[in-house]
Amino acid sequence: PPALLQRDRETAAVHAVSFLAWTATQLQEATPAAVPLTVGVLRALETLLQPDTTAAADALVPALLELVSGAPSLGAEAQKELLNAALAALHAAAVLPYHLVAPHRRAVVTALNTSLDHPKRAVRRDAARCANAWHTLKKK
């Protein structure tokens, strides 16, 4: 439940990022059946990311970039779900403190180029929103 996650946001974020980092390493062998769990964790992580969240931020962006690069072995619908959730989480990560996300800016913008050319309109729309957020990062 969201209320439980919000109570100890930092710890929940650390566990979510650990799971996503592990999932990113297993992505080539992933099956469409594994996608709903990963999507659920990405949606929960999206709500956990607030401007004051700092736990596991250094591992978050690389794990999300691995997920955005996609898994070619997944079916079209499963890949679309995974990409939409990963792009939403990457968009939410843009609100983290500037000094944590700025080193990843160039890698994120470059990785989003493939999603901006995706055949599905929903993926392109989410990629455009995410790219805009990362292009307009500013010190606060």
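Worth pointing out:
- Summing Lys and Arg as +1 and Asp and Glu as -1 over all other residues whose Cβ lies under 14 Å from the Cβ of ARG9 gives a net charge of -3.
- Span from the the stretch 1-69 Cα centroid across to the the stretch 76-140 one, whole angstrom: 14
- Dipole check for the stretch 15-92: with +1 at the C-beta of Lys and Arg, -1 at the C-beta of Asp and Glu, and the Cα centre as origin, the magnitude is about 100 Debye.
- Among the protein heavy atoms of the stretch 43-127, carbon and sulfur supply 53% of the accessible surface, probe 1.4 Å, non-protein parts ignored.
- Charged-residue dipole, Cβ positions (Lys, Arg, Asp, Glu), the chain about Cα centre, Debye nearest 20: 600
- Accessible area per residue for the chain, computed on protein heavy atoms with a 1.4 Å probe, is 53 Å².
- Cross-link reach is defined here as a Cα-Cα straight distance under 15 Å, omitting same-chain residues fewer than 8 places apart; for LYS80 the aspartates and glutamates meeting it are GLU66, ASP117, ASP126.
The values are calculated or read from the model by the stated rules, or taken from the named source; none is laboratory data. These numbers come from a predicted model, not from an experiment. Heads up, the Cβs are rebuilt from the backbone with ideal geometry, glycines too, and the neighbour counts pull from every protein chain shown. The accessibility values were calculated without ligands, DNA or RNA, using every heavy atom of the protein model including side chains. Shrake-Rupley method; radii C 1.70, N 1.55, O 1.52, S 1.80 Å.
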